[in-house]
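Here the structure is laid out as C-alpha cells; the discussion comes afterwards.
Values in this text are rule-based calculations from the coordinates and carry no lab data. Remember, predicted model here, so these are calculated numbers, not experimental data. Cβ sites come from the backbone with ideal geometry, for glycine too, and all protein chains shown count toward neighbours.
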Amino acid sequence: MTNVLVVKANNRPDGISTKMYDTFMETVKDSNDLNVRVYDVFKEDMPYFGQDLFNAFGKMQNEEELTDVEKRILAAKQNAMDAVSEADVLVFAFPLWNLTIPAALQTFIDYVYSAGFTFKYDAEGNLVQLMPEKKVILLNARGGLYSAPEMAPMEMSYNYMQNVFGGVFGMEIIENVIIEGHNANPQQAEAIVAAGMERVREVAQKLVAQYA
Ligand SMILES: Cc1cc2nc3c(=O)[nH]c(=O)nc-3n(C[C@H](O)[C@H](O)[C@H](O)COP(=O)(O)O)c2cc1C
C-alpha cells in the first residue's frame with residue numbers, strides 16, 4: 001500500500017486549484033493500492049508559527065505548564081510532521097494568490113520546515129536534504145501568465161513549493177500541472193482549464209497505475 005498525502009490549499013469552492021483537487025480525488029478514489037489521506041490547511045487547527053512555538057519548546061524542556069495556544073501549536077506541528085513522515089507521495093493542490101501561496105499553506109510549511117526533520121547541515125555547513133525517498137506532485141493554478149522569462153521571477157507560488165520540497169527537503173517532483181492564463185485570456189479560459197483538468201486526470205491515473 002502506498003501512502004498518499006493530499007494537501008488541499010484552497011477553500012474557494014469555485015477555485016480552479018480546488019477543482020484540480022476535486023479532479024485528482026475523483027480519479028484516485030477507487031484505487032485499492034493508494035492509501036489517501038487529506039490534509040486541508042483551511043480546516044486544520046493551525047496557529048501561526050512564531051514565538052508561541054518557541055515558548056512551548058522552552059517550557060517543555062523545563063517541564064512548565066503550557067498555555068492553550070502553546071499546546072495547540074505543538075499538537076498542530078506534530079500532526080503536520082506525522083502526515084509528512086507517513087507519506088510516500090505528497091500531492092499539493094494550491095493557487096497563486098497575490099503572487100504567492102495562501103497563508104494557511106505557508107503555516108503547514110512552517111511546521112515541517114524543521115532542521116533535523118526535513119533538512120540538516122553537515123559538518124562543513126552544506127545543506128543535507130533529509131527526504132529524498134518521497135515523491136511530490138504539484139497541482140497549481142494561476143490566472144495570469146508567468147511562463148514568459150520576463151514574468152517568471154515574479155512567480156512565488158509554484159517556484160516556492162519547488163524550492164522547498166525539491167530544493168531543501170530533497171523530495172522528487174515526479175509530476176506537475178500548472179493551469180495558467182485563464183484570467184488573462186478570458187476567451188480561452190474554458191479551453192485552458194479543460195486541458196489542465198485533463199492533465200490532472202492523466203497524472204492521477206498514472207499514479208494509480210504506477211503503484212497498482
Ligand atoms: C485572493 C486572490 C489573489 C489572486 N492574486 C493573483 C495574482 O497575484 N496574480 C495572478 O495572476 N492571479 C491572481 N489571482 C487569480 C488566481 O491565480 C486564479 O484564480 C487561479 O485560478 C488560482 O486561484 P484559484 O485556484 O483560487 O482559482 C488571484 C485570485 C485570488 C482569489
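For the chain, the longest principal axis of the Cα atoms and the long axis of helix 68-86 meet at an angle of about 60 degrees. Since only L66, P95, S114 are under comparison, the one whose Cα sits farthest along the positive direction of the charge dipole of segment 62-142, derived from C-beta charges on Lys, Arg, Asp and Glu, is P95. Computed on the Cα trace of segment 78-119, the radius of gyration divided by the Kirkwood hydrodynamic radius gives Rg/Rh = 1.00. Just the number, please: percent antiparallel of the DSSP beta bridges in segment 101-200, rounded to the nearest 5. In segment 101-200, approximately 25 percent of DSSP beta bridges are antiparallel ones. Over all pairs of different C-alpha atoms in segment 99-196, the reciprocal of the mean inverse distance, the Kirkwood hydrodynamic radius, equals 15.1 Å. Compared with the dominant principal axis of the Cα atoms in the chain, helix 16-28 is inclined by about 90°. Extents of the chain, taken as max minus min of Cα coordinates on every principal axis and listed largest first, are 61, 40, 40 Å. Per-residue ellipticity at 222 nm from helix content only, as computed over the chain with -39500 (n - 2.57) for each DSSP H run of at least four residues, stands at -12000 deg cm²/dmol.
Considering only beta bridges that DSSP places wholly inside the chain, some 10 percent are antiparallel.
Taken about its Cα centre, segment 72-212 carries a charge dipole of about 260 debye when Lys and Arg each add +1 at the Cβ and Asp and Glu each add -1 at the Cβ. Using only Cα atoms, find the angle between the long axis of helix 103-112 and the longest principal axis of the chain, and express it within 0 to 90 degrees, rounded to the nearest 10. So the inclination is approximately 50 degrees.
Scoring 82-89, 2-9 by mean Cβ neighbours within 10 Å over their residues and listing the highest first yields 2-9, 82-89.
Per q in 0.12, 0.15, 0.16 1/Å, what log10 I(q)/I(0) does a Debye calculation on the alpha-carbon atoms of segment 64-148 return? Summing over Cα pairs of segment 64-148 leads to -0.52, -0.77, -0.85.
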